[in-house]
Amino acid sequence: MTNTKKPHRDTIFVEDAEILSHKAFDGDQFLLRVKAPECAANARPGSFAHLQCSPQQPLRRPISIMRASPADGCVDFLYKRVGRGTTLLSERTVGESLSIMGPIGNPFQIHPEYPRPLLIGGGVGLPPMVFLAETMYQNQEIKPFVILGSEVPFPFKPQPSATIITGIPNDVIAGMPLLEDWGVANRLTSLQGFPGCFQGYVTDLARHWLDSLDESARNEVEVLACGPHPMLEAVSKLCQEYDLPCQVSLEEYMACGVGGCAGCVVPIETADGTTMKRVCVDGPVFNARDVFSQ
């Protein structure tokens, strides 16, 4: 008998999650924490959830998971208010119930053969990198370096990093407090002149770091990235230049979030030629070379 079971069907849960905290930051950014035990227990770095922003807004919105704690059943989402859905979501208050569907999607793959991973997050791509860094730092054999970029104020107060990183300009000292608490090497970038940040693109700072590594160290690097499409394309080109493996997490508009509507398809290169893949369940994480073929 043919197995017709659909992938993901046993790992996507619909929960009425209680809002535990909801904080606003500059740049129309919000940090939402909910109680969602099933999502928390099954979330992986790179997966996301489909949130019902309001009972008045039937269509859900896909929001990346920034942290998940199976121990206490909590899930954190960092999002930016950009339209009607996220505006309604930003108005939800502590104690209210919020319907979430998740976790959804194929996550980043952590490869022990690359113990010196480079994590790059830009804008809306910051949350998955935080989740990924938290997962990696728990493994003493993996030493990630995280580069986070933003053109609006960061949703946290940057602090001087206590970690010296080879190849990074001496005046680039700004770091994310949470990553600093974990002892994860990290630096912040922006074109807005924020104090202590690298004044340039995330790929420019990545190049500084990569050029400081010898061949042996560079062979231990895999790049994992999430952010706007132009940023991911630039990261992919950088990785092809340095012949580095690279995973990218794509951001696309989607309706159902579970692969039924095919509204989030993107062209992906395979051994059989170009095919259309759904970002929600075939991704959101793909091999960069398959997305940005030369």
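The listed residues are Phe13, Phe77, Phe108, and the only one of them that is within 16 Å of Cys256 (Cα to Cα) and either in contact with a helix residue (DSSP H, G or I) (Cβ under 9 Å, 6 or more places away or on another chain) or not assigned by TED's automatic domain parsing to the domain that holds Asp211 (or both) turns out to be Phe13.
In this structure, Arg116 does satisfy being out of contact with any Ser or Thr (no Cβ under 6 Å at 6 or more places or on another chain), in contact (Cβ under 8 Å) with a residue 24 or more places away in the chain, farther than 17 Å from Leu20 by Cβ and part of a loop (DSSP other than H, G, I, E, B).
I'd like to check something: does the stretch 31-39 contain any residue that is buried (at least 18 other Cβ atoms within 10 Å of the Cβ), of a type in the set (A, V, I, L, M) and part of a loop (DSSP other than H, G, I, E, B)? Yes, the stretch 31-39 contains at least one residue that is buried (at least 18 other Cβ atoms within 10 Å of the Cβ), of a type in the set (A, V, I, L, M) and part of a loop (DSSP other than H, G, I, E, B).
I need every pair where a residue in the stretch 5-17 that is modelled with pLDDT of 95 or more has its Cβ under 6 Å from the Cβ of a residue that is part of a loop (DSSP other than H, G, I, E, B) and not β-branched (Val, Ile, Thr), sequence separation at least 6 or different chains. Matching pairs, first to second residue: Glu15/Ala36; Ala17/Ala36.
One residue stands out in the stretch 274-294 among those that are touching a Cys at 6+ places or on another chain (Cβ under 7 Å) and among the aliphatic types (A, V, I, L, M): the one that is farthest from Glu252 (Cα to Cα), namely Ala288.
For the stretch 183-195, filtered to residues that are surrounded by fewer than 16 Cβ atoms within 10 Å (Cβ to Cβ) and within 18 Å of Ile164 (Cα to Cα), the residue that is farthest from the chain's Cα centre (by Cα) is Pro195. Listed by first and then second residue, the pairs linking a residue in the stretch 37-49 that is assigned by TED's automatic domain parsing to the domain that holds Cys226 to a residue that is in a loop (DSSP other than H, G, I, E, B) and surrounded by fewer than 24 Cβ atoms within 10 Å (Cβ to Cβ), with Cβ atoms under 8 Å apart and 6 or more places separating them unless they lie on different chains, form an empty list. Residues in the stretch 134-149 that are at pLDDT below 90 and in contact with a Gly (Cβ under 6 Å, 6 or more places away or on another chain): there are none.
The values are calculated or read from the model by the stated rules, or taken from the named source; none is laboratory data. As the structure is a prediction and not an experimental result, all values here were calculated from the model. Positions of Cβ are generated from backbone atoms using ideal geometry, with glycine treated the same way; all protein chains shown enter the neighbour counts.
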